[in-house]
Structure formats: C-alpha cells, structure tokens
Amino acid sequence: NYYYRVAKEAAKRKILVDFHGAYKPCGLNRQYPNVITGEGVRGLENSKWSADITPEHDVTLPFIRMWAGPMDFTPGAMINATKSDFKAVFNKPMSQGTRCHQMAMYVVYESPLQMLADNPVHYQKEAECFDFIKKVPTVWDETRVLEAKTGQYILLARRNGNKWYLGGMTNWDARELTIDLSFLESGKNWSAEIVQDGINADRNAVDYKKITRTVKSGDKITLKMAPGGGWCARIE
C-alpha cells in the first residue's frame, strides 16, 4: 500500500520515482508510469561485503529479474578485479570482472534512470570510459538479442533514434562471438566506437582498448571477451 500511495501522490506532482531497496516490479509502473525504475535486485553494492556479485550472476539477471521490469542494478565500477584478485573492501569497493564488463551493463541492463555507482573522482580519472558511458541513452526504440545463454553470456543491440549501442558480457569463461551487422541500414557508412577488453584483461581487469572503425550493413565483427569480460560499441 505504501508503494501505491507514493506512486499516486508523486504522479499528482509530476515527480518521477525510483523505488530503491524495494521488492521487484509487479506491474505498478503500468498503472503509474512515473515509477520509472526500481531495485529489487542483488546489485553491485553487495560487492562491498560479499563475493556474490559474480560475472555469472551478472549474465543471469537479464533472464530473470529484468523480465519483471526496469532494474536499478547500480553499475559502473571503475576499480575492477579478476577472480583471483577480488576482495570485498567496504570503503574502497571493486567489481568482479573487467572494466568493459561494467561498461556493457549500461547497454544490457534496462533502467530509465541509470546510475553511476562509483566515486566521482574515479570517473574524472577515467574520462575516456566515462565519456562513452554518459552517451548511452536510458530509453530505447528497439532491442535485438544477438546471442544469449542464461548464466553464460549475452549480446544485445539497442537503437535510440538513428544510433545503435551494443553490449556484450560473459561469465568467468573467456568467449569469442561474431556479430552480424545486417540490422544496420544499408547503403551507408557507419562509424563504430568500440571499447573492448585489453590484451592483459585476463590478468589486469581494468585493461581495455578503444578503437574507432567504419562499418556497413552486413559486416561481421568478431569480438573476444576475457574471463569475466565485456564488449560495447556505439554505432552512428
């Protein structure tokens, strides 16, 4: 009853609502569209005190919790660790998996009010990654699942206007996937800004590589993800 009262009174005042620390969505945002997202998920903050938020957990959520509605997972860790290096440190938390694994969450995880969970200073220091993240929209006109297997990996393409965003994530298994870009409008040259796991990401999870290339409809891109890795791209 409390959630319904808050949603109703906020709607009267044209206030958007994010129910954090709440149970999973159950259709409330259908009645009150001002309820734009909610937590109801074992999110990234648990990394401060446990080792439960694994890459396997991350690639399971889209198939279970995210089916119920927008999910405020609070992604965006800039201190990233391999499986052997991870420690739960409350005052200086880190994530399991690579930097690109975290960045891909902004495409894969749907939340109209998205979150930057880390210390603002870390985003200032990691300006190149932050520049990519802040361009990712929070609402989408079209979504395509390119490759996916519960608890193992996921690769999505989402469109906002005339721009496409791609996000891929894997569990602790290194993985190689091929993307068919046939969904792009033909007869055009597209510019792709790609952020991928660096050559040493299997040993140093913060390692990444940014590349820019021209692509066209029908091209195929082979991507490689490190253990706990990720991949993301912005195509326009």
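Worth a mention:
- The one condition from (1) in a helix (DSSP H, G or I); (2) closer than 14 Å to ILE53 by Cβ that ALA117 does not meet is (1).
- Test for GLY167: is it under 18 Å from the mean Cα position of the chain (by Cα), assigned to a strand (DSSP E or B) and closer than 16 Å to MET66 by Cβ: yes
- Where ARG65 falls short, out of the listed (1) charged (D, E, K, R); (2) under 27 Å from ASN91 (Cβ atoms); (3) surrounded by 14 or more Cβ atoms within 10 Å (Cβ to Cβ): (2)
- Residue check, LYS87 among the basic types (Lys, Arg), under 24 Å from ARG42 (Cα atoms) and surrounded by fewer than 20 Cβ atoms within 10 Å (Cβ to Cβ): yes
- For the condition surrounded by 15 or more Cβ atoms within 10 Å (Cβ to Cβ), more than 16 Å from the chain's Cα centre (by Cα) and part of a strand (DSSP E or B), ALA192 qualifies.
- Residues of the range 58-97 satisfying the condition of being in contact (Cβ under 8 Å) with a residue 40 or more places away in the chain, assigned to a loop (DSSP other than H, G, I, E, B) and either in contact with a His (Cβ under 6 Å, 6 or more places away or on another chain) or farther than 21 Å from TRP172 by Cβ (or both): GLY69, PRO70, MET71, ASP72, THR74, MET78, PHE90
Residue by residue, here is whether (1) over 16 Å from the mean Cα position of the chain (by Cα); (2) under 19 Å from ASP207 (Cβ atoms); (3) not hydroxyl-bearing (Ser, Thr, Tyr) holds:
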position: PRO70; (1), (2), (3): no, no, yes
position: THR74; (1), (2), (3): no, no, no
position: ALA81; (1), (2), (3): yes, yes, yes
position: VAL89; (1), (2), (3): yes, no, yes
position: SER95; (1), (2), (3): no, yes, no
position: HIS101; (1), (2), (3): no, yes, yes
position: LEU113; (1), (2), (3): no, no, yes
position: LEU116; (1), (2), (3): no, no, yes
position: PRO120; (1), (2), (3): yes, no, yes
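- Checked against (1) open to solvent by less than 60 Å² (accessible area, probe 1.4 Å); (2) outside any strand (DSSP E or B); (3) touching an Asp or Glu at 6+ places or on another chain (Cβ under 7 Å), THR37 passes all but condition (2).
- Test: residue in the range 138-145 that is within 20 Å of MET78 (Cβ to Cβ), without any contact (Cβ under 8 Å) to a residue 40 or more places away in the chain and within 15 Å of the chain's Cα centre (by Cα): yes
- When residues of the range 40-55 are limited to those that are assigned to a loop (DSSP other than H, G, I, E, B) and within 17 Å of the chain's Cα centre (by Cα), the one surrounded by the fewest Cβ atoms within 10 Å (Cβ to Cβ): ARG42
- Taken over the range 120-153, the criterion of being open to solvent by 60 Å² or more (accessible area, probe 1.4 Å), acidic (Asp, Glu) and part of a strand (DSSP E or B) is satisfied by GLU147 alone.
- Residue within the range 204-218 that is in a strand (DSSP E or B), without any contact (Cβ under 8 Å) to a residue 60 or more places away in the chain, open to solvent by less than 70 Å² (accessible area, probe 1.4 Å) and more than 24 Å from ASP72 (Cβ to Cβ) present: yes
- The residue of the range 7-34 that is surrounded by the most Cβ atoms within 10 Å (Cβ to Cβ), among those that are assigned to a loop (DSSP other than H, G, I, E, B) and of a type in the set (A, V, I, L, M, F, W, C), is ALA22.
The values are calculated or read from the model by the stated rules, or taken from the named source; none is laboratory data. Keep in mind it's a predicted model, so treat the numbers as computed, not measured. Cβ atoms come from the backbone with ideal geometry, glycine included; neighbour counts cover every protein chain shown. Ligands, DNA and RNA are excluded from the accessible area calculation, which covers all protein heavy atoms including side chains. Shrake-Rupley method; radii C 1.70, N 1.55, O 1.52, S 1.80 Å.
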